[in-house]
Amino acid sequence: MNPSVREELDILIRLQETETRASELRVTIQGVEQQQSRLEEVLDRERSALDEKSEALASLRKQYEGFEDDLRYNEDRLKKSEQTLRTVTNNRDYQVLLREMDDNRKANGRMQEAMVGLIDQISAMEAELADIQARVDAEALRVEEQKAELMASCSREVAALAELEKEHLNLGQKASLRLLKRFEKAVSLGGGVGVACVSSSICKGCFMTLPPQFCIELQRCNEIRHCPRCNRIVYWNGV
Ligand SMILES: [Zn+2]
């Protein structure tokens, strides 16, 4: 047996152990994060609905302001027309001006009617918006609480993962770069498991029975070996 190979294998086995435990923890934490995202998505949808309503309200207010401007303009014109009317001597011009003033008054009446309708719509929408805003605020508070609860529910996992990552880093520092690269490649090819033990001549990574000569060499432990089938780094577990 080559002691440095044995040492390297020990590091690889421990690296794999931390990797496996860390992956399990990451799955749990990701599950919690996904639940948090779903909560956020619901809230975002409600906020978008709120924004749409606010835009609709702004557009109604703008429409109302437009009517106000037009109304002021028409009132000015009416005043001017009234002044002109006093100075008109020609009957035909007088009649034309009267008709124009009548049209202006009618237009003002129509605008005032529309404005009354708009005021009703604006008040209804303001009330609706206040309701939605209150609901969204309450929902946001609830989401924050739920997120905090979710985070608390996996705080142990988060702490354990941080410890494992530290341990993984320490182990990695003990290994050569070449060995680490070999390990990472095997982990990536092995779907997260890059190191497997061989027990009763069977690779526990892919469950293939390994050739007797391969097993003899594995027991000698003179070099790091890979399973010929699954390519995981394999070690003899003594059985
Ligand atoms: Zn295998």
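Within the range 187-221, the set of residues being of a type outside the set (Val, Ile, Thr) and under 16 Å from Asp10 (Cα atoms) comprises Gly194, Ala196, Cys197, Leu218, Gln219, Arg220, Cys221. Among the candidates Ala138, Ala130, Ala114, the residue that is in the same structural domain as Glu40 (by TED's automatic domain parsing), loosely packed, with under 14 Cβ neighbours inside 10 Å, touching a Phe, Trp or Tyr at 6+ places or on another chain (Cβ under 7 Å) and not β-branched (Val, Ile, Thr) is uniquely Ala114. The residue that is farthest from the ligand (Cβ to nearest atom), among those in the range 205-222 that are closer than 18 Å to Gln16 by Cβ and surrounded by fewer than 18 Cβ atoms within 10 Å (Cβ to Cβ), is Cys221. For the range 156-203, filtering for residues that are within 16 Å of the ligand (Cβ to nearest atom) and either without any contact (Cβ under 8 Å) to a residue 24 or more places away in the chain or part of a helix (DSSP H, G or I) (or both) leaves 10.
If I ask for residues that are among the acidic types (Asp, Glu) and under 22 Å from Gly109 (Cβ atoms), which ones from the range 51-85 would you list? Of everything in the range 51-85, those that are among the acidic types (Asp, Glu) and under 22 Å from Gly109 (Cβ atoms) turn out to be Glu65, Glu68, Asp69, Asp70, Glu75, Asp76, Glu82. Return the residues of the range 41-79 that are among the small types (Gly, Ala, Ser) and within 30 Å of Glu100 (Cα to Cα); say none if nothing qualifies. Once the filter is applied, which keeps residues that are among the small types (Gly, Ala, Ser) and within 30 Å of Glu100 (Cα to Cα), the range 41-79 yields only Gly66. Could we say that Leu39 is assigned to a helix (DSSP H, G or I) and farther than 28 Å from Asn170 by Cα here? Criteria met by Leu39.
Taking the listed residues Arg105, Arg6, Arg99, the one that is within 30 Å of Asn237 (Cα to Cα) and surrounded by fewer than 15 Cβ atoms within 10 Å (Cβ to Cβ) is Arg6, with no other qualifying.
I'd like the full set of residues that are away from the ligand (no atom under 11 Å from the Cβ), part of a loop (DSSP other than H, G, I, E, B) and under 15 Å from Ser199 (Cβ atoms), limited to the range 223-239. Result: Asn237, Gly238, Val239.
The values are calculated or read from the model by the stated rules, or taken from the named source; none is laboratory data. Small disclaimer: the values here were computed from a predicted structure and weren't measured. Glycine also receives a Cβ, built like all others from the backbone with ideal geometry; neighbour counts cover every protein chain displayed.
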